[in-house]
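Chemist: Below is one structure. I have some questions about it.
We did not get these values from a lab; they are worked out from the coordinates using the rules stated. Small disclaimer: the values here were computed from a predicted structure and weren't measured. Here the Cβ positions follow ideal geometry from the backbone for every residue, glycine too, while neighbour counts run over all protein chains shown.
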Amino acid sequence: MKKYILLCICLCTYAMALAQESNTETYSLTYTVDTLQSKVLKDDRALKVYLPEGYDAQQKYPVVYITDAQTSNFTTAMTYMHAMMEGALLPKCILVGIVQKDRWNELEVSYKENGKRFKDYIFEEVVPYIDAQYSTSGYNVMVGHSDGAEYNQHLLLEKENPFASFISCSTNFNTPMEEALGTFFKEYTGKPIYYFIANVKYEVPERIAAGNLMERLAVEAANPKIQLTLQTYKAQHESIVIRALQDGLLYVFQNYRNLDAYADFKEYADHYQQDIATYYGFVPQFEYMDVDYYFGKILDEKDIAGYEFMVQFSNQHNIFFGNYVDEANSYFYMEAYPQTIVSYNRALNDMEGIQKNVFMGNLFRVLKAYEHENDLKGAVKFMEASIKKLPEYKLELSYLLGKFCKEQHIQEAKGKRLWAYCKKNYHENRAFTQADLEAL
């Protein structure tokens, strides 16, 4: 077995208008070419392998296989998958490109001697090799275009088929398979299969008919173990992979980050990891973006218990979910005023990780919370403690406290002393102007 490392390089140029010059930047993705000594084919064969960024042999990864890797289909898949994984639309996956030397014989759509031999190569050598060399999860996807799409139908019917899902772009029926596929769709009882078919809108009629037939067979079978969808694109036969691959990948990984499948955050927390392990063979980490997905709903529903569970859960799983100011603001939004006061006092006592200007910008909420709780003396005490804690903001805090005392008719003599201080020490700031001070 030999390995070569290749770079897929994109050159990006940009113009610097002011300097009247252009510069070139390089963006690249790296994949290896593994040479497999095939006993089935009696020949050395190339496999292109792209590992996700941050690949860790201690983790498990689904594998997306694609035939016709000697064409641009492989680099198309690599580029799409990299972007989708970066955007958390896909789990981190391994991409394996199966290179053909004699495409029409190896992807033999009549599925005779050559086609079956190439199937044996994939089943008996390629998949076991990838499983042995890399950390795979057992969830395999096969992507095929044109003859490769039709070839997928033959692979689907094999008893030892190692693929849980298929993406077929512009398929056909060069051999009569309707009866065999119809029976398979009706009688299949194994693990769920996801099958995505992409038709070209303006294509030779038999290819359009083939995609439509696959859809009809699946609908007639109504087998919950087989999920098949057909989408039609305004594309050409040669460009259909570029147009359809993203949709296909999203379809065969439709349960990944399908947060709408869970009634609430608690249900997600209890079941998501096990569900993904069942679907795709790996245990995902809980991510901030998933937690944040439920956050707005919890606030809108003023679900205080749900929010506190979310905070506790996030702390347990080392997910940063804000500081004490953020916590106080969340409680304030939910009209939980006692908790708002507690959290803002925690923020005052522990300013680590809190920007002081952010603390200042949100003070009006804690004052309103004290007002709602009819604890005006508590508000004054809090503001006085803030002046001691943040002497660099003494001017702004003195003004805010003096204004609060006047508006609430509490300790007004103290308020006047604070205004006198503000007049004597005034400088430009974000809290008030000299005109504001004179108005008081």
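Chemist: When you have a sec, figure out the Kirkwood radius of region 106-162 from all distinct Cα pair distances and drop it here in Å to one decimal?
Modeler: When all Cα pairs of region 106-162 are included, the Kirkwood radius is 11.9 Å.
Chemist: What are the ³J(HN,Hα) values, in whole Hz, obtained from phi via the Karplus relation 6.51 cos²θ - 1.76 cosθ + 1.60 with θ = phi - 60°, for each residue of region 43-58 in sequence order, with x given for Gly and Pro?
Modeler: Running phi through 6.51 cos²θ - 1.76 cosθ + 1.60 with θ = phi - 60° gives 6, 7, 10, 9, 10, 8, 10, 10, 9, x, 4, x, 3, 10, 4, 7 Hz.
Chemist: Something else about it: Using alpha-carbon positions, what is the distance between the centroids of region 149-217 and region 250-319, in Å?
Modeler: 34 Å
Chemist: To make sure I understand the rule: partners must be lysines, Cα under 22 Å from the Cα of Lys159, and not fewer than 8 residues away in the same chain. Which ones qualify?
Modeler: Partners within reach: Lys39, Lys112, Lys116, Lys119, Lys186, Lys191, Lys225.
Chemist: What list do you get for Ser330, Ser135, Ser28 if you sort them by fewest beta carbons within 10 Å?
Modeler: By the 10 Å Cβ count, ascending, the order reads Ser28, Ser135, Ser330.
Chemist: Quick one: which residues, 5 or more positions from Ala46 or on another chain, have an amide H under 5 Å from its amide H? H modelled 1.01 Å from N in the peptide plane, none for Pro or chain starts.
Modeler: Leu36, Val99
Chemist: Something else about it: Choose one of Asn345, Phe382, Phe364: the residue whose Cα lies farthest towards the positive end of the charge dipole of region 322-439 (beta-carbon charges +1 Lys, Arg; -1 Asp, Glu; about the Cα centre).
Modeler: Toward the positive end, the furthest listed residue is Phe382.
Chemist: Using +1 on the beta carbon of Lys and Arg, -1 on that of Asp and Glu, and nothing else charged, what's the dipole of region 200-291 about the Cα centre, debye to 20?
Modeler: It comes to approximately 380 debye.
Chemist: Tell me which lysines have Cα within less than 30 Å of Lys381's Cα, excluding those fewer than 8 residues away on the same chain?
Modeler: Lys302, Lys356, Lys368, Lys389, Lys394, Lys403, Lys406, Lys414, Lys416, Lys423, Lys424
Chemist: What number do you get for region 159-268 when its Cα radius of gyration is normalised by 2.2 N^0.38 Å, N = residues?
Modeler: After normalising by residue count via 2.2 N^0.38 Å, the value is 1.18.
Chemist: Would you kindly derive the ³J(HN,Hα) couplings of region 212-219 from the backbone phi angles with the Karplus curve 6.51 cos²θ - 1.76 cosθ + 1.60 (θ = phi - 60°), listing them in order in whole Hz, with x for Gly and Pro?
Modeler: With coefficients 6.51, -1.76 and 1.60, one gets 5, 5, 4, 5, 5, 4, 5, 5 Hz.
Chemist: Take every Cα-Cα distance within region 331-382, group them into 5 Å bins from 0 onward, and report for each bin the whole-number percent of pairs it holds.
Modeler: Here the calculated profile for region 331-382 is 5, 21, 33, 25, 13, 3, 0.
Chemist: Let me ask another. Identify the GluC sites (Glu not before Pro) of region 108-217 meeting these criteria: DSSP loop state and at most 15 other C-beta atoms within 10 Å of the C-beta.
Modeler: Glu158, Glu160
Chemist: Something else: Given the peptides 238-245, 295-302, arrange them by the average over their residues of other C-beta atoms within 10 Å, most packed first.
Modeler: Top to bottom by mean Cβ count within 10 Å: 238-245, 295-302.
Chemist: Moving on to the next point. Can you compute the radius of gyration and Dmax for the chain, using only the Cα atoms, both in Å?
Modeler: My reading of the Cα-based Rg and Dmax gives 31.3, 100 Å.
Chemist: A further question on this structure: Above 20 angstrom, tally the Cα pairs of region 322-439 and express them as a % of all pairs, no decimals.
Modeler: The calculated P(r) of region 322-439 puts 40 percent of pairs beyond 20 Å.
Chemist: Another question, if that's okay. Can you run phi through the Karplus equation (6.51, -1.76, 1.60; θ = phi - 60°) for region 175-183 and list ³J(HN,Hα) in whole Hz, with x for Gly and Pro?
Modeler: For region 175-183, the Karplus curve yields 10, x, 10, 4, 5, 5, 5, x, 5 Hz.
Chemist: Answer with one residue from Phe404, Phe196, Tyr307: the one whose Cα lies farthest towards the positive end of the charge dipole of the chain, charges on Cβ with Lys, Arg +1 and Asp, Glu -1.
Modeler: Phe404
Chemist: Suppose a student asked you for the relative contact order of the chain, using Cα pairs under 8 Å spaced at least 6 residues apart; what percent would you report?
Modeler: 9 percent
Chemist: Please report the Cα spread of region 2-252 along all three principal axes, rounded to whole Å, starting with the longest.
Modeler: Extents along the principal axes: 68, 42, 34 Å.
Chemist: Determine the percent antiparallel among the DSSP beta bridges restricted to the chain, to the nearest 5.
Modeler: 50 percent
Chemist: For a quick check: with amide H placed at 1.01 Å from N, whose amide H comes under 5 Å from Leu90's, ignoring anything fewer than 5 positions away on the same chain?
Modeler: Long-range HN contacts for Leu90: Met85.
Chemist: Another question, then. Give me Lys266, Lys60 sorted ascending by neighbouring Cβ count inside 10 Å, so fewest comes first.
Modeler: Lys266, Lys60
Chemist: Ranking Val252, Val40, Val358 by Cβ neighbours within 10 Å, fewest first, what do you get?
Modeler: If I rank by nearby Cβ atoms, fewest first, I get Val358, Val40, Val252.
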